[in-house]
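The values are calculated or read from the model by the stated rules, or taken from the named source; none is laboratory data. Here the structure is a predicted model, which is why all the values come from computation and not from measurement. Heads up, the Cβs are rebuilt from the backbone with ideal geometry, glycines too, and the neighbour counts pull from every protein chain shown.
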Amino acid sequence: MSDFQLSLLLLGIAVVGAVFGYNAWQERRFRKQTHAAFQRNHQDVLLEMPHAETRDALAERLAPSLDDFSPNPLDTPSESSGETQADTLIRQAHTPPPAPSNPLAVLADKASQGSSGTTDDEASIVQQALIAAMLDPQLDFVADIRFTEPVKFDTLPTLEEKKRVQILGSSSEGMWEVIKPHGSYRQLNIGLQMVDRNGAVTEADLAAFCTRVQVFAESYGTNASFPQRQTKLNLARDVDSFCAEVDVLIGLNLRAALPFAGTRLRSLAEAAGMQLENDGAFHYLSDSGKSLYTLADARNKPLNTSTLAEQEFTALTLLFDVPRVAGGISVFDRAVTFSRQLAAELGAELMDDNNRPLSDTDITTIRQQLQHIYSRMDDRGIAPGSVAALRLFA
């Protein structure tokens, strides 16, 4: 072997070693960042603000004062290339990107590239992922029950709990589904939701849940396994504390000088795309049927089609449930525009809950507060209007 070939070999070994060393450093750095992101030992800039009352009762609506987040410079792309520093180093090392190991990532990549059609296997993977998402270790306390042989359940197990319970079963073929009568399963995952608008699960709640699940498992000659109870309690309290900080309900009130007829209210609401629902309020719905904002009598008196023709009103309230609405800023802008148009039609004034007129400056301030709340939710991994948000803020 010539000196030149030996030099190339040594150079190649050095490059490979550098790449492996860099990847190890990157993994360690991201692990530290992830750990820091979920720690809450630091002082929160929102701790001094009054909490919204929506987690106990929809009584007081308040938009807190917020500060802006600063982007992480380590993850900021350069203006010239659009690459992060890590992207540049990896590209310069001439190492091709690894294929996604998670089959769901493959499907996501196909979707992002506009790939049409999926195979039966891919459809099955997506279905299994959707079912698995019904139990989230960050939101649920999940008990695991395994049977030596598949068990057929003529009736479904019933667990009377204060919070949502979801039971998933794995069939003999290893496919997961929400358990159904007469289904045969070799494994059950029973999840108790740990946080909702009534607060976090308590130690007594978890103890009672574990007892009932264990009794159920023993009736089939097996045992249940559970997560570390104290660890889950700490997580539940942390999630509940965060949710209380962003659980805000915005109310825009319309006060009219003269009464207006219920038939006129219905006409204006329906012309704006709203519809009267069973809860006695007009709802503006998304294409998927989710409520984006509501319009109701300010005295909380339910509306219904049979009595609207006989009623008169002087005050209405438009409600915007901040964490439950996806695309919140644009929806809020639409709600404000509709409120102003409705006020003009009814000869009313737009006011806050303290009967003070809402100026353009006030609306701008609320909008900025919303942007900050949504940023905090995204950073926490709880997207506004997502399945997780709808569960936590219910």
Give me the residue from segment 338-362 that is surrounded by 14 or more Cβ atoms within 10 Å (Cβ to Cβ) and small (Gly, Ala, Ser) and, out of that set, farthest from ARG391 (Cα to Cα). ALA348
Failed item, numbered, when THR148 is tested on (1) part of a strand (DSSP E or B); (2) surrounded by 14 or more Cβ atoms within 10 Å (Cβ to Cβ): (2)
Looking at ALA309, ALA335, ALA298 in this structure, which one is surrounded by 12 or more Cβ atoms within 10 Å (Cβ to Cβ), in contact (Cβ under 8 Å) with a residue 40 or more places away in the chain and more than 26 Å from the chain's Cα centre (by Cα)? ALA298
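At least 1 residues that are of a type in the set (Phe, Trp, Tyr) in each: list the helices (runs of 4 or more DSSP H) lying fully within segment 275-394 that qualify.
Once the helices (runs of 4 or more DSSP H) in segment 275-394 are filtered for at least 1 residues that are of a type in the set (Phe, Trp, Tyr), what remains is 328-346, 360-380.
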If we keep just the residues of segment 204-218 that are closer than 17 Å to GLU160 by Cβ and without any contact (Cβ under 8 Å) to a residue 60 or more places away in the chain, which is surrounded by the fewest Cβ atoms within 10 Å (Cβ to Cβ)? ALA204
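Being outside any loop (DSSP other than H, G, I, E, B), without any contact (Cβ under 8 Å) to a residue 40 or more places away in the chain and under 13 Å from ILE179 (Cα atoms) is true for just one of GLN127, GLN166. Which residue is that? Outline the logic, then answer.
Values: GLN127 fails: under 13 Å from ILE179 (Cα atoms).
One residue alone meets the criteria, GLN166.
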Would you point out the residue of segment 151-163, among those that are in a loop (DSSP other than H, G, I, E, B) and modelled with pLDDT of 90 or more, that is nearest to GLN214 (Cα to Cα)? GLU161
For the structure I just gave you, tell me whether ASP287 is among the charged types (D, E, K, R), free of Cβ contacts under 8 Å to residues at least 24 places away in the same chain and more than 27 Å from ALA133 (Cα to Cα). no
Among the numbered criteria (1) at positive phi; (2) surrounded by 13 or more Cβ atoms within 10 Å (Cβ to Cβ), which single criterion is violated by GLY174? (2)
Within segment 196-203, identify whether any single residue is touching a residue at least 40 places away in the same chain (Cβ under 8 Å), of a type in the set (D, E, K, R), part of a helix (DSSP H, G or I) and buried (at least 16 other Cβ atoms within 10 Å of the Cβ), and answer yes or no. no
On the given criteria, is ASN189 at pLDDT 95 or above, loosely packed, with under 15 Cβ neighbours inside 10 Å and out of contact with any helix residue (DSSP H, G or I) (no Cβ under 7 Å at 6 or more places or on another chain)? no
